[in-house]
Structures are given as C-alpha cells and as structure tokens.
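K.L.:
Have a look at the structure that comes next, please.
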Amino acid sequence: MVSASLRGRSLLTWLDFSAEEIRSLLALSRAVKEENKRGEIHQRFLGKSLALIFEKRSTRTRCAFETAFGEEGGHPVFLSTADIQLGAKESIEDTARVLGRMFNAIQFRGFQQATVEALARYAGVPVYNGLTGSFHPTQVLADIMTLEENFGSHQGKRLCFVGDGRNNVARSLMALCAKLGVHFTVITPQALNPDAELLQICAGLAAASGAAIRITADLEEVAGADALYTDVWVSMGEEAVREERMRLLGAYQVNQALMEKTGRRDTIFLHCLPAVKGEEVSPEVIDGPQSRAWDEAENRKHTIKAIMLATL
Ligand code: CP
Ligand code: NVA
C-alpha cells in the first residue's frame, strides 16, 4: 500500500513528495486509525529509537510522536535545547552526525528551517520537521485527513485559511493543497500575504494538480468553502509584533457570522491548535457543532505514525 520510495526519506516541507506518495501516506493514516479503534497492538518500532529535539514548546506534536512511537515498542527520547549542545557548543552538523549514529530517526521543532534541513543533510537517518518558522508539514497531513473524513475525499474540495497568511501553517497548507488538487484560498490583509517565492512554486504545482490557489483580503471569498481554517495571530517567536498583528487581523476572526458567509451549513471549522479563543476564533465556533479541531488533533497521532512507518 505504501510507496517504497518513502523508505529512508525525511519530511521537511512536502515540496519534494509526489501526490501519489502523499496519498499513500493518507491511506496508511486511515489504516492506522482503524487499527487503533479496533484496539490492535503492534510492535513495528520494536528495537528502534527516535530523538525528539524541541527548541519551542509543544503539546500535540510531542505527544503524537512519543505515543505513536512508544506504543509500537519504540523508544522516544525528548531532548530540549536547554539540555543538548545543538548549535550552542556544537555545530548542527556534528549533532546530526552523532544523533544519526544512535537513533533511527530525528524529529526537530524550532525556529529556523535551515536547522532542520542541516539535520537532514548530515544525520543519515530520516528527519521530520515538527514545525519551524517556515513550515509545519506533519500538521497539514492531519488537516487533509480530517477534510477527507468529512467529505469523503480531498480532491476538488475548497479550503479557506483566514488569518496570518505568511505563517508556517498557511504556507504548508498551500504547498500540500497545490500538490493534491485541493482548492486553497488564503484570506489575509495584504501585509501578511505569503511570500512570492512560495506562491510561484505552488502555482506551478497547482497547474499540474488542478488546484486553484488564491490570495485575497476579501472575507466574502469564504462563500462555498468546505472548510474554514485559522491559526493564532502571533506564532511562537513573534511575540514582539503582537500589537501590530492585532491591528492587522482584528477584522479576520472566524466567528459565527463568518461561518454563515459560506452559505453552507456543512462547512467545517479547522484549527491546528493551540487556539486563542476570542482572537482568531470565537469560542462559539471552535466549541460548536461545525468544529472538527479535536478530530484534527487526534489525527496528528495517526498521520505521524503513518509517516514514521512509511519512512523507517
Ligand atoms: N498543532 C501543533 O503543532 O500543536 P503543538 O504546538 O501543541 O505541538
Ligand atoms: N503558527 C503557530 C502554529 C502552532 C502549532 C506557531 O508557529 O506558533
């Protein structure tokens, strides 16, 4: 079922994966979730170890990696950068070389995309990007899985991201939707548009997949959307620009009035979490009947297990 081409691969952005490879990961995620619901126990990571490096905090990503790996017999090791020598007293390259001799795979969450890319270049084992300032690839596989669970498939569906259009989650959604043929609209003030370089890459991918990728400041463009998605207005590491973000994004809250602008009652609400209720989303939406944020959080674990099964 899983593409043999995935073995040994790192996951840094999705841009180097084919649509077929990504679809095989989605199929494996569904299979893994079904096994989990049946209460099946497997030991597919027995004798393996996973390094989990965190420069930033995490609830879902850390717990998804640790539980998915550990319950299959593997040994996850949490390494906060307050404890290890990553880039402080030892270069990223040397840390990568050493961890690659001791672990079967490495997860990295932190600030710079260049760090996770350097780890992948020197470790000699699969490296998974658990979020950088630029991309959050493991998140968006769970998002597409959740979209599929609600609408039967992802192809040709309409996903609207409302909020900080240049953040890691918006950029990753754009890349994955462009690959998979999901129509993707970013609704954001012009000052927060995704960067031109990524837009150009995604336009090329979209031409091949049939996805329509749109960037607009106009909230009316939620009309007809299958899913509205938002994320925090101030990402980790950006606390200094909080006031400016509040000013730019104040009108872009996903609330009941915006959900109604879709003109549909079956539009779902997605959020990668953690959420600041009352800022990017109103409590009535995230805790209401159209929200799938909690399924989406659970799906982080199933998709992350599938990614590790396919690549290890
Ligand atoms: N969505 C997500 O990555 O959550 P954490 O920051 O809790 O890992
Ligand atoms: N954009 C958010 C995502 C958190 C999962 C951040 O980087 O803080």
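K.L.:
Is it the case that segment 133-156 has a residue that's out of contact with any Lys or Arg (no Cβ under 8 Å at 6 or more places or on another chain), within 13 Å of ligand 2 (Cβ to nearest atom), assigned to a loop (DSSP other than H, G, I, E, B) and closer than 26 Å to GLN43 by Cα?
P.N.:
no
K.L.:
Can you name the condition, by its number, that TYR122 falls short on among (1) aromatic (Phe, Trp, Tyr); (2) closer than 29 Å to ASN36 by Cβ; (3) buried (at least 17 other Cβ atoms within 10 Å of the Cβ)?
P.N.:
Going through the list (1) aromatic (Phe, Trp, Tyr); (2) closer than 29 Å to ASN36 by Cβ; (3) buried (at least 17 other Cβ atoms within 10 Å of the Cβ), TYR122 breaks only (2).
K.L.:
Here's a follow-up. Assess whether ALA293 counts as being within 14 Å of VAL169 (Cα to Cα), small (Gly, Ala, Ser) and in contact (Cβ under 8 Å) with a residue 12 or more places away in the chain. Give the derivation first.
P.N.:
Numbers: within 14 Å of VAL169 (Cα to Cα): no; small (Gly, Ala, Ser): yes; in contact (Cβ under 8 Å) with a residue 12 or more places away in the chain: yes.
When the stated conditions are applied, ALA293 does not pass them.
K.L.:
Condition check: surrounded by 23 or more Cβ atoms within 10 Å (Cβ to Cβ), within 16 Å of ligand 1 (Cβ to nearest atom), assigned to a loop (DSSP other than H, G, I, E, B) and not basic (Lys, Arg). Does ASP164 satisfy that? Spell out the reasoning first.
P.N.:
On the way: surrounded by 23 or more Cβ atoms within 10 Å (Cβ to Cβ): yes; within 16 Å of ligand 1 (Cβ to nearest atom): yes; assigned to a loop (DSSP other than H, G, I, E, B): yes; not basic (Lys, Arg): yes.
Here the answer is yes, as ASP164 does meet what is asked.
K.L.:
Looking at (1) out of contact with any strand residue (DSSP E or B) (no Cβ under 6 Å at 6 or more places or on another chain); (2) farther than 22 Å from GLN290 by Cβ, which is the one condition that is false for ILE213?
P.N.:
Looking at each condition in turn, ILE213 falls short on (1).
A quick yes/no check of all residues on (1) in contact with a strand residue (DSSP E or B) (Cβ under 9 Å, 6 or more places away or on another chain); (2) in contact (Cβ under 8 Å) with a residue 40 or more places away in the chain; (3) surrounded by 13 or more Cβ atoms within 10 Å (Cβ to Cβ):
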| position | (1), (2), (3) |
| --- | --- |
| SER29 | no, yes, yes |
| GLU34 | no, no, no |
| GLU40 | no, no, no |
| ARG44 | no, yes, yes |
| SER49 | yes, yes, yes |
| LEU52 | yes, yes, yes |
| LYS56 | yes, yes, yes |
| ARG60 | no, yes, yes |
| PHE65 | yes, yes, yes |
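K.L.:
Among the residues of segment 31-47, how many are over 9 Å from LEU309 (Cβ atoms) and not in a loop (DSSP other than H, G, I, E, B)? Before you say what the answer is, go through the steps one by one.
P.N.:
Going through segment 31-47, the residues over 9 Å from LEU309 (Cβ atoms) turn out to be 31, 33-43, 46-47.
Keeping just the survivors that are not in a loop (DSSP other than H, G, I, E, B) gives 31, 33-38.
Adding up the residues that qualify gives 7.
K.L.:
Okay, moving on. Go through (1) more than 20 Å from LEU173 (Cβ to Cβ); (2) in contact with a His (Cβ under 8 Å, 6 or more places away or on another chain) one by one and return the number of the condition ALA251 breaks.
P.N.:
Unmet condition: (2).
K.L.:
If you don't mind, another one. Being under 19 Å from TYR229 (Cβ atoms), in a loop (DSSP other than H, G, I, E, B) and either modelled with pLDDT of 95 or more or touching a strand residue (DSSP E or B) at 6+ places or on another chain (Cβ under 9 Å) (or both), is that true of even one residue in segment 96-112? I'd like the intermediate steps shown before the answer.
P.N.:
Residues of segment 96-112 that are under 19 Å from TYR229 (Cβ atoms), as a first pass: none.
Looking for residues that are under 19 Å from TYR229 (Cβ atoms), in a loop (DSSP other than H, G, I, E, B) and either modelled with pLDDT of 95 or more or touching a strand residue (DSSP E or B) at 6+ places or on another chain (Cβ under 9 Å) (or both), one finds none in segment 96-112, hence no.
K.L.:
Can we say SER18 is among the hydroxyl-bearing types (Ser, Thr, Tyr) and modelled with pLDDT under 95? I'd like the intermediate steps shown before the answer.
P.N.:
Numbers: among the hydroxyl-bearing types (Ser, Thr, Tyr): yes; modelled with pLDDT under 95: no.
So SER18 does not fit the description; no.
K.L.:
Restrict the check to segment 250-267 and report whether at least one residue is more than 30 Å from GLY152 (Cα to Cα) and either within 21 Å of the chain's Cα centre (by Cα) or more than 16 Å from ligand 1 (Cβ to nearest atom) (or both). Show your work before the answer.
P.N.:
Residues of segment 250-267 that are more than 30 Å from GLY152 (Cα to Cα), as a first pass: 250-251.
Next cut, either within 21 Å of the chain's Cα centre (by Cα) or more than 16 Å from ligand 1 (Cβ to nearest atom) (or both) only: 250-251.
Scanning segment 250-267, I find at least one residue that is more than 30 Å from GLY152 (Cα to Cα) and either within 21 Å of the chain's Cα centre (by Cα) or more than 16 Å from ligand 1 (Cβ to nearest atom) (or both), so the answer is yes.
K.L.:
Then there's this: Under 18 Å from the mean Cα position of the chain (by Cα) and at pLDDT 95 or above, is that true of LEU180?
P.N.:
On the way: under 18 Å from the mean Cα position of the chain (by Cα): yes; at pLDDT 95 or above: yes.
Considered against the rule, which asks whether it is under 18 Å from the mean Cα position of the chain (by Cα) and at pLDDT 95 or above, LEU180 comes out as yes.
The values are calculated or read from the model by the stated rules, or taken from the named source; none is laboratory data. Small disclaimer: the values here were computed from a predicted structure and weren't measured. Methodologically, a virtual Cβ is constructed for each residue, glycine included, from the backbone with ideal geometry; neighbour enumeration extends over all protein chains shown.
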